[in-house]
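Reading through the structure tokens given below for one structure.
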Amino acid sequence: MLLGLVVNDYKPMSTPLNEPKPCPSCGRALPAGALAGLCPACLLAQGAQTDPGGPADAPRFVPPPVETIARLFPQLEILGLLGAGGMGAVYKARQPVLDRWVALKVLPAGGPNAANFAERFNREARALARLSHPNIVAVHEFGQVEGLHFFLMEFVDGTNLRQLEQAERLSPRVALQLIPQICDALQYAHDEGVVHRDIKPENVLVDRKSRVKIADFGLAKILGRDPEEQRLTLDGQVMGTPHYMAPEQVEHPLSVDHRADIYSLGVVFYEMLTGDLPIGKFSPPSRKVQVDVRFDEIVLRALENDPARRYQHASEVKSQMATVTGTPASETPRPAAQPESEVSRGTGWKPKVLGLAVAFCLFTLAFSFLSKGTGGLFMGWLGVAGWQSGVARMVIFGLLLTAGIRHTLKQLWRTPQSLAPGGTAVLPPRAPWWRACAVVLTGLILLAAFCSIFPNRWVLQHVGGMPDRPLPTFMPPVVDEPADLRAAKAHLAELRVNFGEEHPSVQQALARITELERLTREQPQTRADLREAKARLAELRVTFGEGHPSVQAVQARITELERLSREEPKAPADLREAAAHLAELRVNFGEEHPSVQQAQARLTALLQMIRREPMESEDSPEALARRARLVEQQRLALSAQLRVEKTHLAELRVTHGEQDPEVQRQLVLIKTLEDKLLEL
Amino acid sequence: MVLQAGRQSSPHSDQALAELCQTYWYPLYAYVRRQGKTKEDAEDLVQSFFARFLERNYLEGLAAERGKFRAFLLASLKNFLANEWDRSQRQKRGGGVEHLSLNWQDADDRFHLDPPDPASPDRTFDREWAMALLERVVGRLRTECVADGKGRLFEQARGFLMVGQEVIPYAQAAAELGLDEGTVRVAVHRLRKRYRELLRDEIAQTLDDPAQVAEELRSLQAALAG
């Protein structure tokens, strides 16, 4: 009668706003508004409840206490409750007669269709008892005691896969060890006409010898419930959505066949490999963990939504896995099978590119040395403009090469990544070897052309006549290099081509170039002075401000130096001659010979002369006047500073006394300033 | 989730956010009224709060509230009340800001009709939030049923959503609907299941991390129980 009451009250109310009625369930006043007639608290409570809500709903299963079980099964020693859930309760027990451990599973019986239950139980349990396989938990006995249906089963000393997964992250190796055993068990059961219907990590037991034992075969069918709803009811908690169920188990529960188990197997496999469930749009395992990409195909095929597209037999999964583990990854010519079973994704292409680059460099070098003309060209091209330029070119060359190869490989890599799960990548067919060669050659020629044009556009015009043309034509001009050094280098290259590296004239030319380069380096003496002066200027500006005489003095010196640096001559002809002569002598007589010493001395003298020259030629009246002005300015600046410092000294003396270190320092400073003034 | 989409402003996410606000504005109004403001003041406040809320990308600060839109919205409102109201007074009204079409008259009626509640404004807010949520869920469920041509069934069976499975009088309902009892059982079962799904979905919309649904459900239950 309560039921009728409830229904009458829940009919939509026409005037809910006027008289708030109490909720028939909880007695609270019903609210107004869109929820008219519904009690929010009860509504939410029902929504929060995760009751199976199925038409064949049974009250929640409460595992009978151990004492009750012990009373019901006098032939067993009940040791305790191993676990309980929606699917029943399992007790650990001993059969003293046979001296063996057993697991006693007690099923939640009853429910509205309890009548069918007994019959179904007997039918299915017989089928289960027939199953005898090392990877299936054996059923020793089944029956009914005081309305309680039970199975007496093999006791598995170990843990289940869920506990394993929770305890530690399973390595793919473990997964690859366990999955084939599951396949064996499933294949055997399917051959016997038994479908598990609820493969999940909780039902996959693993004993101490890492042997898989699958439990609860066919139980889902006996209980006549969706595993989904079972999962929702365990202890009234949400255990998660039915991720292990095949889609057809949800949509057409009546037409489920053994392929549903293969789907669940796929989910378990995926979870073991990646630690995640394949929900929604999931990525293949090899993109999450280091595992052979060929397993992707196996997992994804097992997870096909359409049973017809899945593996049709569990044994196929096993044999496919055996194929993968039996052959090295690189030998399979499939598109997805990039050889990277052990290499992590991020670094997989790097060793390859590096290897290719190194191989190419070696090849180029070997080729250069083999053909004399090309060798000369290449070395001249690399070495002619100094080693820095050579290195720069090699780096550019290498970078271009690496970028090219990397791009190509990345393309390969991305194609499978952008695929929808289950899709296949179509790779272009392998080109014949001559086409690959042609492409590589064209690329090399283009690259070489680019590298040559890049530093010097006109080079290519002269490439026509190859080895016997004089090399100087190929030499790019280097802006900072003095003309004579350039000429010497050109000469050297010519000599090298004509006479080979070991010829004395080549050695001679080399020595000359070294000398010239040293000279070039030594020239910018004035520039160093200039830099120093500029730094000093900045310092003074900060300390004294723009208008201070000392700033102005330094400014004047900088102007002077700038003029000097502009006027500094390139090494005059006789200097060059002297250097060349020196180099020649060195080669012919060795470093210690007197004539070399002499030539060295002459060169030094010449250099000194050149440096002093511009100063001495400053005899014009303007220059003299300027210098006088400069000196005068400096003197003024110094004396001004001296006055300031002396005043400060006096103050210090008064405040700190004669012996104070501050005063001593000030005295030293004043002394230095006075010295400078005297110099001027 | 809407909130995640809301992080980067796009026409779609803006619309989703506006929809979210449409659903949950009444709890804010109730909160403001419970604070002791008059009807007009509360209207102004909520309206300008939403204007502010929608124009600024408030959702960026969501992480600070542990990913709950409910807590976040309330915190934002409190912040707004503390800062904004004193300064702007009523000048905000109609200041070129597009109004959400919120049904103020209904709100006022409903506020008066709601059982007088001595609870604190915060609890009022949570309670109203839960109600708004349920209204939306039931509304969605009804829309779905009507779209499937099961409008009549829904009206008949909506009361079953709030009672336990065991007390549902299937036979009677079947007789009233002129259907087979088994059919009604299945239909009611599906309806209840769908209701739970929608409820979780709707809650998940207001959460950064959908895994928090159970927790949020518990706090909403607590709010309604209080």
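Descriptive notes on the structure:
- Looking at region A:164-218, the trypsin sites (Lys or Arg not before Pro) that sit in a DSSP loop and have at most 14 other Cβ atoms within 10 Å of their own Cβ are A:R169, A:R208, A:K209, A:R211.
- Look at the stretch A:257-263: the mean tally of other chain Cβ atoms within 10 Å of its residues' Cβ atoms is 0.
- Peptides A:488-497, A:533-542 ranked from most to least packed give A:488-497, A:533-542, packing being the mean of other C-beta atoms within 10 angstrom over each peptide's residues.
- Shielding value for B:168-177 is 2, the average number of Cβ atoms from other chains within 10 Å of each residue's Cβ.
- With all protein chains modelled, accessible area of A:M394 [1.4 Å, Å²]: 100 Å²
- Computed packing ranks the peptides B:175-183, B:18-26 as B:18-26, B:175-183, most packed first, by mean other Cβ atoms within 10 Å.
- Extension reserve of the A:T323-A:Q144 stretch, reckoned as 0.36 nm per residue once the Cα distance is removed: 59.8 nm
- Note on A:V654 and A:F589: their simple-model spin labels are 7.4 nm apart, each label 7 Å out from Cα toward Cβ.
- Peptides A:260-269, A:129-138 ordered by average Cβ neighbours within 10 Å, highest first: A:260-269, A:129-138
- Pairwise label distance in nanometres, B:R52 with A:S283, each label 7 Å out on the Cα-Cβ vector: 4.2 nm
- A:A538/A:T514 FRET efficiency (R0 30 Å; Cβ-Cβ; nearest 0.05): 0.20
- Modelled FRET efficiency - R0 25 Å, A:R211 with A:E165, Cβ distances, 0.05 increments: 0.90
- Once the Cα-Cα distance is subtracted from the 0.36 nm per residue extended length, the A:Q597 to A:E501 segment shows a gain of 31.8 nm.
- Across A:E591, A:E202, the residue with the most accessible area heads the list, and the full order at a 1.4 Å probe is A:E591, A:E202.
- Between region A:644-680 and region B:25-39, the Cα center-to-center distance that results, in Å: 80 Å
- Solvent accessible area, Å² - A:M245, 1.4 Å probe, full protein context: 10 Å²
- Cα gyration tensor category, rounded, prolate or oblate, for region B:124-183 with a/c compared to 1.5: oblate
- Applying a threshold of 32 Å to the alpha-carbon distances of B:K39/B:K68; A:K410/A:K489; B:K39/B:K193; A:K534/A:K646 flags A:K410/A:K489; B:K39/B:K193 as lying beyond it.
- Local electrostatic count, A:R100, Cβ distance below 10 Å [Lys/Arg +1, Asp/Glu -1]: -1
- Theoretical FRET efficiency, 1/(1+(r/R0)^6), r = Cβ-Cβ of A:E622 and A:I396, R0 41 Å, to 0.05: 0.20
- Exposure ranking of B:V138, A:V631 by accessible area [1.4 Å probe, largest first]: A:V631, B:V138
The values are calculated or read from the model by the stated rules, or taken from the named source; none is laboratory data. Since this is a predicted model, take the numbers as computed values, not measurements. Glycine also receives a Cβ, built like all others from the backbone with ideal geometry; neighbour counts cover every protein chain displayed. Accessible surface is based on the protein model in full, side chains and every heavy atom, while ligands, DNA and RNA are left aside. Shrake-Rupley method; radii C 1.70, N 1.55, O 1.52, S 1.80 Å.
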